[in-house]
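Below you'll find the structure, written out as structure tokens, and then a few comments.
Just so you know, all these numbers are worked out from the coordinates, no wet-lab data involved. Computed from a prediction, not measured in an experiment: that's the story for all the values here. Don't worry about glycine lacking a Cβ; one is built from the backbone with ideal geometry, like all the others, and counts go over all protein chains shown.
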Amino acid sequence: MTLRLGRQSFPDDRRLMMAIVNRTPDSFYDQGATWAEDKALDRVAQVVAEGAEIVDIGGIKAAPGAEIDAEEEMRRTVPFVERVRALHPDVVISVDTWRASVARAVCEAGADVLNDAWGGADPELVDVAAAYDAGIICTHTGGVVPRTRPHRIEYADVVASAITDTTAYAERAAAAGVDRDSIVIDPAHDFGKTTQDSLDLTRRLDELVATGWPVLVSLSNKDFVGESLDLPVGERLTGTLAATALATLHGARIFRVHEVTETRQVVDMVDVILGRRSPARTIRGRA
């Protein structure tokens, strides 16, 4: 299906890079490298130059930490969205928030997509997306409260749970008035999940793709990669790219990433091998 995100539309054979831009002083991966606005703007310019179609701006780290109210989240994100919109009019701007009040403010500032990493914790978020003709990312968290770590999580079948919850969320968004072409589902690796759950979702991602909704994966440097290989955050790129290759094989459409160039090369190479795209050139043995 054609995917419409804000002012941009993408055909069904186009795989998209969503680059992470954290407006937080304590993010798990970059430890506040883009907390200062000038550094964050440099990061946006870098990832756009690398070919990212989407930038995903977040004002609160996902893990437990200092309480950040809606007003502070807006202070971190709204002016920044305005600046990115002015500097990069063609890039798709996504904002990682679960709060409807924040969603309304960032849409007013120019955001195109609401990335709800917490599975519909605020039921009014879909109404905001509909009112502003914004896209929405519908995630599966197993009902975990925002900004809490999973504790003794158990699923009879995590893939079945992810399919049931994300498709129900997608249908609720559509019923609220969100364009069906602007709705994406995300199994949300690590969110409300054990490492084995995330591995099961990666292995069986084709089952989510088979629902017909475009699938986003957020694999970059996640704990399931670190625990699988016994590696700290800064050493998980190779494992992330291995999981990315499998997700590409299974048909994921959007890749939420820290490393745009490396991820793009892996995704493109898998698509070339599968015949989904042509090689950039084929002169070997023909000259």
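Using DSSP H assignments, which helices in the chain have an axial alpha-carbon span of 30 Å or above and a mean Kyte-Doolittle hydropathy of 0.5 or higher?
none
With a 10 Å radius around each residue's Cβ, average the other Cβ atoms per peptide and rank 188-197, 81-90, 257-266, highest first.
Ranked by mean Cβ neighbours within 10 Å, highest first: 188-197, 257-266, 81-90.
Mind checking the full-extension length gain between Ala242 and Thr2? Use 0.36 nm per residue of separation minus the Cα-Cα distance, one decimal, nm.
83.7 nm
Rounded to the nearest 500 deg cm²/dmol, what is the calculated helix-only ellipticity per residue at 222 nm for the chain, with -39500 (n - 2.57) per DSSP H run of length n ≥ 4?
-12500 deg cm²/dmol
How much net charge surrounds Arg104 when only other residues with a Cβ under 10 Å from its Cβ are counted (Lys, Arg +1; Asp, Glu -1)?
Local charge sum for Arg104: -2.
Could you sort the peptides 225-235, 202-212, 98-108, 46-56 by per-residue average Cβ neighbour count (10 Å cutoff), highest mean leading?
98-108, 46-56, 202-212, 225-235
Within the set of other residues whose C-beta is less than 10 Å from the C-beta of Thr2, count the net charge using Lys and Arg as +1 and Asp and Glu as -1.
Around Thr2, the surrounding residues sum to 0.
Within the chain, what percent of beta bridges assigned by DSSP are antiparallel, to the nearest 5?
So the antiparallel bridges in the chain amount to around 10 percent.
Taking the alpha-carbon distance from Lys39 and a cut-off under 20 Å, which lysines remain once sequence neighbours fewer than 8 residues away in the same chain are dropped?
Lys61
What does the charge dipole of the chain about its Cα centre add up to, to the nearest 20 debye, if the Cβ of each Lys and Arg holds +1 and the Cβ of each Asp and Glu holds -1?
900 debye
Among 142-152, 171-181, how do they line up by average Cβ neighbours within 10 Å per residue, starting with the highest?
For the peptides 142-152, 171-181, the packing ranking is 171-181, 142-152.
How many angstrom lie between the C-alpha centres of the range 2-81 and the range 171-187?
For the range 2-81 versus the range 171-187, the Cα centre distance is 21 Å.
I need the P(r) histogram for the range 221-284: all alpha carbon pairs, bin width 10 Å from 0 out to the longest distance, whole percents.
21, 47, 24, 8, 0
Describe numerically, in nm with one decimal, the distance between label points set 7 Å from Cα along Cα→Cβ at Glu207 and at Arg85.
Between Glu207 and Arg85, the simple spin-label model gives 4.0 nm.
Based on the Cα gyration tensor of the range 3-273, what are the three equivalent ellipsoid semi-axes, each the root of five times an eigenvalue, rounded to whole Å and given largest first?
Taking √(5λ) for each Cα gyration eigenvalue gives 24, 21, 20 Å.
Please give the residues of the range 32-64, grouped as numeric ranges, whose backbone N is less than 19 Å from a label point set 7 Å along the Cα-to-Cβ vector of Glu71.
Residues passing the 19 Å test: 59-60.
Sequence gap at least 6, Cα distance under 8 Å: using those rules, report the relative contact order of the chain to the nearest whole percent.
Contact order relative to length: 17 percent.
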